[in-house]
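Student: Sharing a structure below in structure tokens format, with a few things to ask.
The values are calculated or read from the model by the stated rules, or taken from the named source; none is laboratory data. These figures come from a predicted structure and were not determined experimentally. Ideal geometry is used to build each Cβ from the backbone, glycine not excepted, and the neighbour counts take in all protein chains shown. Only protein heavy atoms, including side chains, enter the accessible area calculation; ligands, DNA and RNA are left aside. Shrake-Rupley method; radii C 1.70, N 1.55, O 1.52, S 1.80 Å.
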Amino acid sequence: MSRILNVALGQLGPIARADSRQRVVGRLCELMREAHACGAHLIVYPELALTTFFPRWYIEDQDEIDSFFEREMPNAATQPLFDLARALGVGFYLGYAELATEAGKPARYNTSILVDRQGRIVGKYRKVHLPGHREHEPWRRFQHLEKRYFVPGGGFGVSEAFGGKIGMAICNDRRWAETYRVMGLQGAEMVLIGYNTPVHNAPAPEHDDLSLFHNQLSMQAGAYQNGSWVVGVAKAGVEEGVDSIGGSCVIAPSGEVVGACLTKGDEVAIARCDLDFCAVYKRTTFNFDAHRQPHAYRMLVERRGETLMADGSPVAAAGCD
Ligand code: CDT
């Protein structure tokens, strides 16, 4: 089996609040057709790719909040995308808001799925690092209420698919070294990441000019330090008055950008990715079995931060013997 994976960036421009799922799925299908014409085996779409980025609003009506969520996947609105994937032999990564039922109660996740070239779901991931805040903060130009609308997922897995080991993450996850390392320890050869990143970060506006730089910096570091391909895809442009970065790109295990989108609208760009190119990094500089020293990393799982233990208790309470 070939270890060449032709990956398409399926970048989206803005989605209006009033846009229907059918309309958005039509755009996704158009991008998939274009990707297929370019020889793609896999197309990667953004985070929450079926609707506008609704966490920018404080919404009290639960029915209105739930109108942004999918209760099943595929469903009537998304079935055409699955059908097209199967017809063209193009797999996809898709981010969406998932309304699950757990022990008879609703559980809401910021989710992505990996669909193979036969149109079958072969992987599912629920966002671990939920950024933003839980309560309404009217001083902000716009809200970022992911902590209110979602609960964190349970971890990072890797799927055997497309002839390799494919991992998934979502947006803010890409800024955390742990995201890539946990998948690197499972041998991930490609990590797929959809995102919605507003240019303006209300708590740290001095970072606004660096938002594209931080996007690429995080993904390049994750790729190189784990000997893995990384594919990052934006929902970009001015959506309901909020400007979000583009910068969708494919990064090789060398840390080099080998493909990128140029606009902030709907756009396909493609990269020919040799999954065997990971091995030289995984065998040498980042041969984890040979070089990692887990005994020195215990704090990574014992502590949440400088002041809190993993269970939320204060660090001082742990004693210092
Ligand atoms: N969607 C998402 O995770 N966005 C965040 C925005 C910054 S935190 C308010 C990100 O990390 O890109």
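Student: Report every pair of residues separated by at least 6 positions or lying on different chains whose Cβ atoms are under 9 Å apart, first residue within segment 284-296 and in contact (Cβ under 8 Å) with a residue 24 or more places away in the chain, second hydrophobic (A, V, I, L, M, F, W, C).
Tutor: Taking only residues 6 or more apart or on different chains, the pairs are F288/L185.
Student: Another question, then. What number of residues within segment 120-129 are touching a strand residue (DSSP E or B) at 6+ places or on another chain (Cβ under 7 Å) and within 11 Å of the ligand (Cβ to nearest atom)?
Tutor: The qualifying residues number 1.
Student: Taking the stated definitions as given, is A40 assigned to a helix (DSSP H, G or I), modelled with pLDDT of 95 or more and either under 16 Å from G119 (Cα atoms) or within 20 Å of the chain's Cα centre (by Cα) (or both)?
Tutor: Here the answer is no, as A40 does not meet what is asked.
Student: Also: Among the residues of segment 179-206, which ones are away from the ligand (no atom under 15 Å from the Cβ), open to solvent by 10 Å² or more (accessible area, probe 1.4 Å), of a type in the set (A, V, I, L, M) and not in a helix (DSSP H, G or I)?
Tutor: Residue satisfying the conditions is L185 alone.
Student: Then there's this: Suppose the filter is away from the ligand (no atom under 16 Å from the Cβ), over 30 Å from H200 (Cβ atoms) and touching a Lys or Arg at 6+ places or on another chain (Cβ under 8 Å); does A107 pass it?
Tutor: no
Student: Could I ask something else about it? Quick one: is F162 modelled with pLDDT of 95 or more, touching a Phe, Trp or Tyr at 6+ places or on another chain (Cβ under 8 Å) and surrounded by 18 or more Cβ atoms within 10 Å (Cβ to Cβ)?
Tutor: Here the answer is no, as F162 does not meet what is asked.
Student: Now, a different point. Need the failing condition index for A169 against (1) within 13 Å of the ligand (Cβ to nearest atom); (2) surrounded by fewer than 21 Cβ atoms within 10 Å (Cβ to Cβ); (3) among the aliphatic types (A, V, I, L, M); (4) not in a loop (DSSP other than H, G, I, E, B), just the number.
Tutor: Going through (1) within 13 Å of the ligand (Cβ to nearest atom); (2) surrounded by fewer than 21 Cβ atoms within 10 Å (Cβ to Cβ); (3) among the aliphatic types (A, V, I, L, M); (4) not in a loop (DSSP other than H, G, I, E, B) one by one, A169 breaks only (2).
Student: Still on this structure, I have one more. What tally of residues in segment 10-26 results from selecting those that are open to solvent by 10 Å² or more (accessible area, probe 1.4 Å) and either within 16 Å of the ligand (Cβ to nearest atom) or under 19 Å from G232 (Cα atoms) (or both)?
Tutor: Count: 1.
Student: Taking segment 140-156, which residues are open to solvent by 40 Å² or more (accessible area, probe 1.4 Å), free of Cβ contacts under 8 Å to residues at least 40 places away in the same chain and more than 13 Å from the ligand (Cβ to nearest atom)?
Tutor: Within segment 140-156, G154 is the sole residue that qualifies.
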